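Comments concern the structure below.
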Amino acid sequence: MIWLLLFLALAAGMLLPIQVGINMELRAAVGHPILAAAIQFTVGAAALMALSVAMGIPMPLSGKLAAAPWWVWFGGLCGANYIVIAILVGPRLGAATLTAVSVTGQMLVSMILDHYGVIGYPVHSISGWRILGACLLLAGLTLIQRF
């Protein structure tokens, strides 16, 4: 089962640089990165709503949404932030550097989230091996950026 989960995560990650390239082209067509991101999110939201309806997923009651922590609404802002920044810096950095720096940033924050077990993650303490892995990511980022 873990291999299937790893494969799904790998496949999702493989789509990110493709998404950035598509969004850069969309920006060129519409003239602004924020408008391109808004269009991208609208298309994605429409697809997810259609899939939810097709799968018969019931909409939550308003009370359940009101009971959610206030900060859950920031997830969409995090996604919007990444899309706009990627559209802006992707043409200058290139796909490899953008991906390397994004993954490195994700890993550094992920280690903190895991260590403290916050926002829904189980505790996975920072260890020497995890620090070594993060250092190797930083080294890889340096190599990708310089060469």
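Only residues in the stretch 112-129 that are without any contact (Cβ under 8 Å) to a residue 24 or more places away in the chain and surrounded by 11 or more Cβ atoms within 10 Å (Cβ to Cβ) count as the first member; pair them with residues that are part of a helix (DSSP H, G or I) and among the acidic types (Asp, Glu), Cβ under 9 angstrom, at least 6 apart or cross-chain, and list the lot. Close Cβ pairs (under 9 Å, with a partner that is part of a helix (DSSP H, G or I) and among the acidic types (Asp, Glu)) amount to 121/114; 124/114; 126/114. Report yes if some residue within the stretch 7-23 is over 16 Å from the mean Cα position of the chain (by Cα), surrounded by fewer than 11 Cβ atoms within 10 Å (Cβ to Cβ) and more than 18 Å from residue 89 (Cα to Cα); otherwise report no. Yes. Determine which member of the set 143, 136, 132 is surrounded by 11 or more Cβ atoms within 10 Å (Cβ to Cβ) and either in a helix (DSSP H, G or I) or over 20 Å from the mean Cα position of the chain (by Cα) (or both). The unique qualifying residue is 136. On the basis of being at pLDDT 90 or above and either in contact with an Asp or Glu (Cβ under 9 Å, 6 or more places away or on another chain) or on the phi > 0 side of the Ramachandran plot (or both), does residue 44 make the cut? No, not satisfied.
Kindly evaluate residue 59 against the criterion of being modelled with pLDDT of 90 or more and not β-branched (Val, Ile, Thr). Against the criterion (modelled with pLDDT of 90 or more and not β-branched (Val, Ile, Thr)), residue 59 does not qualify.
The values are calculated or read from the model by the stated rules, or taken from the named source; none is laboratory data. As the structure is a prediction and not an experimental result, all values here were calculated from the model. Heads up, the Cβs are rebuilt from the backbone with ideal geometry, glycines too, and the neighbour counts pull from every protein chain shown.
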